[in-house]
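The values are calculated or read from the model by the stated rules, or taken from the named source; none is laboratory data. Note that the coordinates shown come from a computational prediction; the quantities given were computed from them, not determined experimentally. Positions of Cβ are generated from backbone atoms using ideal geometry, with glycine treated the same way; all protein chains shown enter the neighbour counts. These accessible areas exclude ligands, DNA and RNA; they are computed on the full protein's heavy atoms, side chains included. Shrake-Rupley method; radii C 1.70, N 1.55, O 1.52, S 1.80 Å.
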Amino acid sequence: MTAAMAPDELFLRYAYSCAEVQRDHLHAVTDGELAKVRRMLDREDATDDAFLKSVYPAAFRRLELIAKETKSAPLTTETLDAYFIVYHNAFIDAGDGSYAKLPRWTCEYCKVHVARVTEVLVQDGHRAFRIEPYEHAVFRQAGVSGDLVPEAKAGDLVVIHQGWAVKTVEPSYYERLKKAYQATKLFSGLTQKAQALRS
Amino acid sequence: MCLAIPGKVIEIDAKRQLATVDYEAEQREASTALLPEVKVGDYVLVQAKMVVQTVPADEARKFLDTLREGAA
């Protein structure tokens with residue numbers, strides 16, 4: 001059984017690639033800051049919470065909102081999973097923060113999905129997963145990097161964010177997360193805002 | 001570190017499953033193992049040296065034009 005991941009490590013896995021978008025699309029992150037985040041992700045440097053809050057102010061604001069709504073702490077495994085797996089796409093569709101000014105294809109690329117691994121490829125020391133949608137997910141990625149989830153195998157469900165597989169997920173946990181957090185006022189508010197934007 | 005912007009495929013080495021992706025300021029190689037059908041002229045996103053998806057050309061060009069205008 002895989003050892004439980006610390007919340008800061010889970011946050012870095014989910015959020016690292018967002019910093020690449022912030023650097024390349026919004027010029028809100030420098031090469032040096034991105035490299036520092038990557039060193040934390042690779043566990044070469046200790047996590048620096050104050051620094052991460054400066055790089056990811058929107059993510060921490062949203063985590064605080066979710067924690068307040070659900071009477072939990074922002075940096076727990078479940079709050080992080082709830083944010084990225086359940087709320088993240090709703091924030092995007094609602095045009096929250098920078099998503100209001102990012103192009104449509106970037107917003108779609110930034111969404112988090114659950115996918116099934118259909119094939120594991122290993123090339124030049126890197127793992128990659130060919131993936132197919134789980135449930136009704138619609139995404140353009142043919143595959144993702146599997147470097148963060150070496151234990152995943154064909155048939156497993158993984159959470160994907162941009163070009164990364166972030167973690168494996170059990171269907172029962174995923175269903176519980178959806179049931180619990182899609183029922184919140186915060187989620188329904190975001191969904192209503194997204195509908196208003198579309199109309 | 002990856003670039004989170006679309007690059008244009010300018011060369012394919014089918015035998016080695018490698019694409020040369022042009023980002024204007026630089027060119028990088030990426031594996032096409034996940035998307036062997038990618039072809040020269042396609043705009044792609046690369047993660048960990050692997051092509052993970054294509055981006056429709058009109059969307060990619062519009063985005064890159066905006067980036068260029070912002071940098072000017």
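Figures for the structure shown
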| read-out | value |
| --- | --- |
| 2 or more residues more than 10 Å from chain B (Cβ to nearest Cβ): qualifying strands (runs of 3 or more DSSP E) within segment A:77-158 | A:112-123, A:126-133 |
| Neighbours by Cβ (under 8 Å, 6+ apart or cross-chain): first from segment B:1-24, within 18 Å of A:Tyr109 (Cα to Cα); second of a type in the set (Phe, Trp, Tyr) and in a strand (DSSP E or B) | B:Pro6/B:Tyr43; B:Gly7/B:Tyr43; B:Lys8/B:Tyr43 |
| Failed item, numbered, when A:Val120 is tested on (1) within 15 Å of A:Lys167 (Cα to Cα); (2) among the hydrophobic types (A, V, I, L, M, F, W, C); (3) open to solvent by less than 10 Å² (accessible area, probe 1.4 Å) | (3) |
| Test: residue in segment A:17-33 that is small (Gly, Ala, Ser), under 16 Å from A:Gln162 (Cα atoms) and out of contact with any Pro (no Cβ under 8 Å at 6 or more places or on another chain) | yes |
| Number of positions in segment B:10-31 that are at negative phi and exposed (fewer than 12 other Cβ atoms within 10 Å of the Cβ) | 6 |
| Residue, surrounded by the most Cβ atoms within 10 Å (Cβ to Cβ), within segment B:36-70, restricted to residues that are over 19 Å from A:Phe139 (Cβ atoms) and either in contact (Cβ under 8 Å) with a residue 60 or more places away in the chain or within 9 Å of chain A (Cβ to nearest Cβ) (or both) | B:Lys49 |
| Lone unmet requirement of (1) at positive phi; (2) assigned to a strand (DSSP E or B) for A:Ala165 | (1) |
| Subset of segment A:1-60 that is among the polar types (S, T, N, Q) and open to solvent by 50 Å² or more (accessible area, probe 1.4 Å) - its residue that is farthest from A:Tyr99 (Cα to Cα) | A:Thr2 |
| Verdict on A:Tyr174 being assigned to a helix (DSSP H, G or I), among the hydroxyl-bearing types (Ser, Thr, Tyr) and surrounded by 17 or more Cβ atoms within 10 Å (Cβ to Cβ) | yes |
